[in-house]
Structures are given as structure tokens and as C-alpha cells.
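Report on one structure; see the data block that follows.
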Amino acid sequence: MEIMNYSRFILSLAQVLLILGLAPAVSWFIKKMKAASQNRVGPTLLQVYADLRKLFRKGMVISERASWIFHCMPYVLFSVTLVAASMVPVFFEGSLLGFMGDLIVFVYLLALGKFFLALAALDTGTSFGGMGSSREMTLSSLAEPALLLALFALAYHAKTLSLEGLAAHFNRQASFRILFFTLPALGALLIVAIAESGRIPVDNPATHLELTMIHEAMILEYSGPYLALIEWSHEIKQLIFLSLLANVFFPWGLSNAEGIAGLLFSPAVYLLKIFSLAFVIGWIEILSAKLRLFRVPDLLGVAYVLAVLSLLGQLMMGRWM
Amino acid sequence: MEQEWILSIIHLTSMAFLVTSFALLVSPQLFSCIRFYAIHSFFLAVITLSTAFYNHVYHLIISAVLTLVLKTIVIPQIFFRMIRRLGMRKEVETYINIPLSLLFSTLLVFISFYGVGNMKALDPPLSKEFVSISVSTLFLGMFMMTTRKKALTQVLGLLLIENGLFLMGVTTTFGMPLLVEIGIFFDVLVGAIIMGVFVFKIRGAFEGIDVDKLTMLKG
């Protein structure tokens, strides 16, 4: 029993480290796809890590009007994202801080990070920061009900609110039979994941055009290590959402810490799932144009309705099933 | 085992049926609206087919094939031709915007779900969620008819209602006698054509198919 707990601990720690290391690579993969679609070469895999390293070594230029919020925001954002990351099961059924809280804590930890991001953008008093944070808050207030409701729809079937429990439950289900409600929930969560990670139909991560930017407008004042922390936590957040999608909707290959073969096998399956999901998101990014800001609520409304239908579908069918 | 597979397919397609009615309701382009109607009818045909196999009512296969041919191929083609000949604008014009109509239609689905209750009176033989799904499709069709400005999209709302009624008929009573059913299909086809002619007449008289202008008929 003692050894069992010890190995679980090691494994969950490895999961968090994997997320930390893998996050820039997933962003790189989408960037590379986009570059390939435009007949460019694109950066190499080492480039993204080199960029992060370079940013960590640089000096910072900070506005003299910046208050303590400006200074503590990158740390708050990064630590909150890290805690949220350690609540998600990655390649085996447990997670490091899974005992700590359920999916409500998970959603609002991410919201706390976003809150500080918006505050810090207002802090220096530039017009871009204010614009960016107002946009971000508007959109996230619309994305949040969809995200929560989609997770609740899944939790209703699993009869548990913990993320570990969700992944374990859907791992044991016959996947075809529950497709009728997981499919709408998957659609809802995919839209929310795209909105939260600032991907193209909602936000464009590759441009600094003042008319369109949301996330970039908020971090315009940051440089050096602070910027590196913010960028990194943004990438981690994107990977968390992808892992959640992968482990709830495609739960095959999630190992339960028994047997070496499963443990060797499951990270490979995990990588395969993550990169195929990243492929889907990159494909959406290539095919679609960025939505006008006033049309984004329509998209998030669609996510909300899909989440409602997922819950309602379970009630309709479940009454007699 | 096989029955269970068919039942899962039925659940899946009925969900897709509901989602497609929403898509039909909120799609901003006229062409995609008609395409969604075709997809909607396709799912209807799949449900009819799986009902036929699940309950061993094989005359429903003919209904399924007729649905597939008429509603997913012929009627959308008629509409496409109509749009091309009218040369009308491609955007759907509504009285209320998309997020609000999404909210309203969600509310309508809720109402039909709770309003239908546990349906002891109907006691349908197949999986019983179809009564609430067809009632909500009815509601969504009515909602579409009341909030659209163009005559063509109102016709689409009417066809949505017809799909809901057909679903109700198939799943609660395994369809009417085949002769009646074929008659209904013919009615729908002729109805679509007649309404097309109406749309042309409306445009001829009022230089547009915006039904707001019909109020000018009042003395």
C-alpha cells in the first residue's frame, strides 16, 4: 500500500512536468501547421523553447506608474494555471491535486488567473490594456456558463464532480452508447477551448492588430521574464483544455498505475490524442476567418445551447433508459 | 446485442435531429438554411429506418426511402432553383437576433420536455423521448415561422413542423397506412411547389418577398 501511494505520487508529479514541458510544443505544432498551409517553413521545435529561455534572461522595461498588481500578476497567473494543471488527469487516472477540489474549483482557478490578467492590463493605464481586458471579460462571462454547463452535463452522468472521477467513469463506459450526449458536450467544450486559448475564430494569437486583438492587447506592457511566464501559462492553459477533452471524450489508454506495460503505453496514446486534437484545432484555424467581435457571442451561444442539449438529452433519454 | 446497437443509433440520430433544428433556426445564410433542412430530413430518414428494424415494421422502409429522396434531395433542389430564379439576397432576415432566438428556442425545448410529462396517455412503444423531441421540433418550426421576414424561410419553418409531425407519427404509431403516407409525401411536395409559386406571386405584386409588405393589403 505504501509503495502504491509512492508510485502514484511519482506518476502524478510526472504528469504535471509533462504538461509543463509539452505545452510550448503543442503551440508549436499548430504554428507549424499554419505555416505549412501558407507555404512557409515555420519555426523548428527547439525555437519555441529557445524563445522562452531568451525571454527569461532578458531585462524588463516596466512603466513607473505600475503598481504591485502589475508585478504580482505573472506569478499569480502561472501558479494558478499550474494548480489547475495538476488537477487534470493526464495519462493515468489520478492527478496530483485531484483530492483538493472538483471541477468548480478548476473552472474558477482559471477564472482567477483571468481576473488578475484583466486587472494588470488596466493597471498601467494604457488604452489598449483597457480595451483588451474589457473584451476578455465580456467573452469569458459568456464562455463560462457554457464551460460549466458542459462539465455539469458530464458530471450528471458520472455522478461525480471531480475531474479524476469523470475521466475514470468515462473510461469504463461503452463509448458508442453514450455518444448521443457526449457529442454535443464535446462540441461545446471544443468551442470554449478555442475561445479560452485565444485561437482564430475568436482571437488571433499571431497578430498585434489593434482592431482585433484580445489576449495580446492585455499583455502589451509586459516584457522579459514576466512575458515568458504569461506566455507559458497561456500555452499550459490550452494544453489543459486539450487534455480534458482527450481524457473525457476519448478515454482509451488511460492507465490505472498497475502494470508497467500500461504505463509505458499510456503516455504514447496520450501524445497521439493531444496532437490529433491540436490538429483539429489547427485545421479549424486554417479554414476559418476570424469572427467579428460582435459575432463571437453567437458562437459562444451555440456552445451554451450544445451544453444545454447535452444535459437535456440525458434527461429525455435517461427517464426511461 | 444488435437491438442495443440500433437503440444507440436511434438515440444518437434523435439528438442530431434536435441539434440540426437549432442549426436551421440560427444559420444566417439562406443556402445553409436549406442545406440544414436537407440534413434534418436525412436524420429523420435514418430514425425511420432504424425504427423499422428495431420494431420489425418493414413497411416503414418505404417511408424512409421516400423521405430520403423527397425531402433531402428534391425539395431542397426546388428551393435552390427558386432562390436562383428570384435572385434574392442570401442573408436570412429575422425580427430578433441570433443569441436571443437561441435562448428562446432552448426555452421552447424545455417547455416541450416538461409539458409532455410522462405521457401515460400516449404510451409509445419505442423509446419515448421522441414525443418531446417532435413537440419541440413543432415549437421550433412555429417559432421560425413567426420570427422570419421572408416568405421562403417561413415555408422552411412549415416544413420543419411537418418533419416534427412525421417523426411523431412514425415513432408513436409506426406510421399511418402506406397509402396515406404516400399521399402525405405528395402533399408536401405539391405544397412546396405551390408555396414557391406563391412566393413568385408575392414578389410580382410587392417587388420583394418581405411579408411585412403584405400589411398594405389591409384597406
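Total residues in the stretch B:135-193 satisfying the condition of being among the aromatic types (Phe, Trp, Tyr) and either touching a Phe, Trp or Tyr at 6+ places or on another chain (Cβ under 8 Å) or under 23 Å from B:Thr94 (Cβ atoms) (or both): the figure is 2.
With surrounded by 15 or more Cβ atoms within 10 Å (Cβ to Cβ), within 14 Å of chain A (Cβ to nearest Cβ) and modelled with pLDDT of 90 or more as the only criterion, which of B:Leu49, B:Leu18, B:Leu44, B:Leu25 stands out? Exactly one residue qualifies, and that residue is B:Leu18.
For the stretch A:229-244, indicate whether the set of residues that are part of a helix (DSSP H, G or I) and at positive phi is non-empty. No, because not a single residue in the stretch A:229-244 is part of a helix (DSSP H, G or I) and at positive phi. In this structure, A:Lys290 does not qualify as buried (at least 17 other Cβ atoms within 10 Å of the Cβ), basic (Lys, Arg) and either touching a His at 6+ places or on another chain (Cβ under 6 Å) or part of a helix (DSSP H, G or I) (or both). Taking the stretch A:102-130, which residues are free of Cβ contacts under 8 Å to residues at least 40 places away in the same chain and over 20 Å from A:Ala146 (Cβ atoms)? Within the stretch A:102-130, A:Leu122, A:Ser127, A:Gly130 meet the criteria.
Only a single criterion out of (1) away from chain A (no Cβ under 14 Å); (2) part of a helix (DSSP H, G or I) is not satisfied by B:Tyr58, namely (2).
The set of residues in the stretch A:166-197 that are among the small types (Gly, Ala, Ser), over 19 Å from the mean Cα position of the chain (by Cα) and within 18 Å of A:Val88 (Cα to Cα) contains only A:Ala168.
Can you tell me which residues in the stretch A:30-48 are crowded, with 18+ Cβ neighbours inside 10 Å and either more than 11 Å from A:Ile286 (Cβ to Cβ) or among the small types (Gly, Ala, Ser) (or both)? If the condition is that a residue be crowded, with 18+ Cβ neighbours inside 10 Å and either more than 11 Å from A:Ile286 (Cβ to Cβ) or among the small types (Gly, Ala, Ser) (or both), then A:Lys31, A:Lys32, A:Val48 are the ones that fit. B:Ile9 meets all of the listed conditions (1) without any contact (Cβ under 8 Å) to a residue 60 or more places away in the chain; (2) more than 13 Å from every other protein chain (Cβ to nearest Cβ) but one, namely (2).
Within the stretch B:28-41, if we keep just the residues that are in contact with a strand residue (DSSP E or B) (Cβ under 9 Å, 6 or more places away or on another chain) and within 14 Å of chain A (Cβ to nearest Cβ), the residue that is modelled with the lowest pLDDT turns out to be B:Pro28.
Residue count for the stretch B:75-118 satisfying the condition of being more than 9 Å from every other protein chain (Cβ to nearest Cβ), part of a helix (DSSP H, G or I) and either among the small types (Gly, Ala, Ser) or surrounded by 14 or more Cβ atoms within 10 Å (Cβ to Cβ) (or both): 15. The lone criterion from (1) more than 14 Å from the chain's Cα centre (by Cα); (2) more than 19 Å from B:Ser134 (Cβ to Cβ) left unmet by B:Val57 is number (2). For the stretch A:120-171, the tally of residues that are more than 30 Å from A:His208 (Cβ to Cβ), among the charged types (D, E, K, R) and in a helix (DSSP H, G or I) stands at 1. If you go through the stretch B:168-212 and keep only what is in a loop (DSSP other than H, G, I, E, B) and over 17 Å from B:Lys149 (Cβ atoms), you end up with B:Phe174, B:Gly175, B:Met176, B:Pro177. Scanning the stretch A:51-71 for residues that are surrounded by 13 or more Cβ atoms within 10 Å (Cβ to Cβ) and in a helix (DSSP H, G or I) returns A:Asp51, A:Leu52, A:Leu55, A:Phe56, A:Ile69, A:Phe70, A:His71.
The values are calculated or read from the model by the stated rules, or taken from the named source; none is laboratory data. None of the values given here were measured: they were computed from a predicted structure. Using ideal geometry, Cβ is built from the backbone for each residue, glycine included, and neighbour counts are taken over all protein chains shown.
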